[in-house]
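Here's the structure, in structure tokens; my notes come after.
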Amino acid sequence: MTGIAPSRARQFRIAAVVLLALLGTGLLACGKREWPAPQLSEDRFRIRSMNVQRGQGCLIVDCELAGAWANLDSVRLHLEPIGDEPGDGCPTCPFVPRISRFYGPGAPEMRRDMNRLIITACDLNPKKTYRVQIVASNVYPALSLVVSELFVSAPQ
């Protein structure tokens, strides 16, 4: 007797195909693994109110956040000086920020107290009127930026 009988070889091939099919099904059943994705409704925050004041040569922006305010990561302060000098904007023109300042987590100019955010921007011309806008980012980069309304801050 030499080798395996043809019927035995056929049974072996069928068993191998069935085992491979079971193994493939088992691997597919494990599922696709991904990092957790942010939930839009649960992880978003917004700027509920914003107040801009001038004091001691600085611009003080006080914001109240709503929603998942603990997810605030960083803030960019956009400023546009209004005036007649070169590079200044006009009050009725579209907003074009001429000054942009970034405040990351732990920046001394950015203070947080629960849902309150206070940004202090100094070294600005105290005689200029500024249009001010806040752009805040979430700790989840997949979520869109939070943009405030435009505010006008006139000199004292």
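By the scheme Lys and Arg +1, Asp and Glu -1, what is the net charge of all other residues having a beta-carbon under 15 Å from that of Asp123? For residues surrounding Asp123, the net value is +4.
Amide hydrogen proximity for Ser74: with H placed 1.01 Å from N in the peptide plane, the residues at 5 or more positions away or on another chain lying under 5 Å are Ser137. A cut-off of 5 Å between modelled amide H atoms, ignoring neighbours fewer than 5 places along the same chain, links Gly83 with Gly89. When the Cα positions of Gly55, Pro86, Ser153 are compared along the charge dipole of region 40-153, Gly55 comes out farthest toward the positive end, with charges on each C-beta of Lys, Arg, Asp and Glu.
Taken as Cα centroids, region 108-156 and region 46-87 sit 2 Å apart, rounded to the nearest whole angstrom. The relative contact order of region 40-153, computed from alpha carbon pairs under 8 Å that lie at least 6 residues apart in sequence, is 32 percent.
Computed over neighbours whose Cβ is under 14 Å from that of Gly89, the net charge equals -1, Lys and Arg +1, Asp and Glu -1. Annotation: amide H-H contacts under 5 Å for Arg98 (H modelled 1.01 Å from N, sequence separation of 5 or more, or interchain): Leu79, Glu80. Here the simple spin-label model places points 7 Å from the Cα toward Cβ, and for Cys90 and Ser49 these points are separated by 3.5 nm.
Residue ranges 83-89, 147-153 sort as 147-153, 83-89 when ordered by packing (mean number of other C-beta atoms within 10 Å per residue, highest first). Using the alpha-carbon atoms, what tilt in degrees (0 to 90, nearest 10) does helix 6-29 show relative to the longest principal axis of the chain? Long axis of 6-29 versus the principal axis of the chain: about 20 degrees.
Evaluated at q = 0.10, 0.12 Å⁻¹, the base-10 log of the normalised Debye intensity for region 40-153, with identical point scatterers placed on the Cα atoms, takes the values -0.29, -0.42.
Here, each number is a calculation from the coordinates, and none is a lab measurement. Here the structure is a predicted model, which is why all the values come from computation and not from measurement. Using ideal geometry, Cβ is built from the backbone for each residue, glycine included, and neighbour counts are taken over all protein chains shown.
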